[in-house]
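Every number in this text was worked out from the coordinates using simple rules, so none of it is lab data. Keep in mind it's a predicted model, so treat the numbers as computed, not measured. Cβ coordinates were reconstructed from backbone atoms using ideal geometry, including for glycine residues, and neighbour counts include every protein chain displayed.
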Amino acid sequence: MKKRFLLPLMLSAMLSGAQAKSQTQNIIHLTTVEDKKVDLKITEKGFDFPQFKGKAVLLDFFGPHCPPCLAEMPHIVALQKKHKNDLTVLGVQVQMQMSPNALKAFLKQKGINYPVVNLDYAMELVQFIQTNTNWGGQIPFMLLFNKDGKLVQTYMGMTDVSRIERDMKK
């Protein structure tokens, strides 16, 4: 429980410090399995998501062989569908090396309706989060940012979608 409250504070401090360290290195570039580019600009309050302007963003770190992740997926899909005008879920597969075709097949099988970044294209983000927070790589792990890019909440382990919806209103 203590970790749940420390992580947002640590991430906020880390994001502020990261911006101060280097104005030229404050963008993390990602590529989805559909070969779309996503940039995460580090700001004092969280991240700026240029491709998702005006929407809350849920970064979902998951794995294809993680039972809680698999159980949570249909609910995250439903959340994305229900809030498609107000929310973008951005999945980050971090459990294992997967070929793009294998991950695409997995996502299709699970009916994933949001962009997903494979581990090979997310290492900079993963290292950034791990280096600057107490996240040890446990999954599922999610970060919710409001429409302004401010970190609102972190979630470690399975999370009820109704909690995410409540937090989206913050």
Original post:
Residue by residue through the range 44-58, which ³J(HN,Hα) values in whole Hz follow from phi under the Karplus form 6.51 cos²θ - 1.76 cosθ + 1.60 (θ = phi - 60°), with glycine and proline marked x?
Top reply: 5, 9, x, 10, 9, 10, x, 6, 10, 3, x, 10, 6, 10, 10
Original post:
Can you give the charge dipole size of the range 2-168 about its Cα centre, rounded to the nearest 20 debye, using +1 on the beta carbon of Lys and Arg and -1 on the beta carbon of Asp and Glu?
Top reply: 280 debye
**OP:** When a/c is below 1.5 the answer is rounded, else prolate if a/b is larger than b/c, else oblate, so apply that to the range 2-168 with a ≥ b ≥ c taken from the square roots of the Cα gyration tensor eigenvalues.
**Re:** rounded
**OP:** Could you list, in their original order, any pairs among LYS82/LYS169; LYS104/LYS170; LYS36/LYS170; LYS108/LYS170; LYS84/LYS169; LYS37/LYS84 whose Cα atoms are separated by more than 25 Å?
**Re:** LYS104/LYS170; LYS36/LYS170; LYS108/LYS170
**OP:** Could you give the size of the charge dipole of the range 98-163 about its Cα centre, using +1 on the Cβ of each K and R and -1 on the Cβ of each D and E, expressed in debye and rounded to the nearest 20?
**Re:** 240 debye
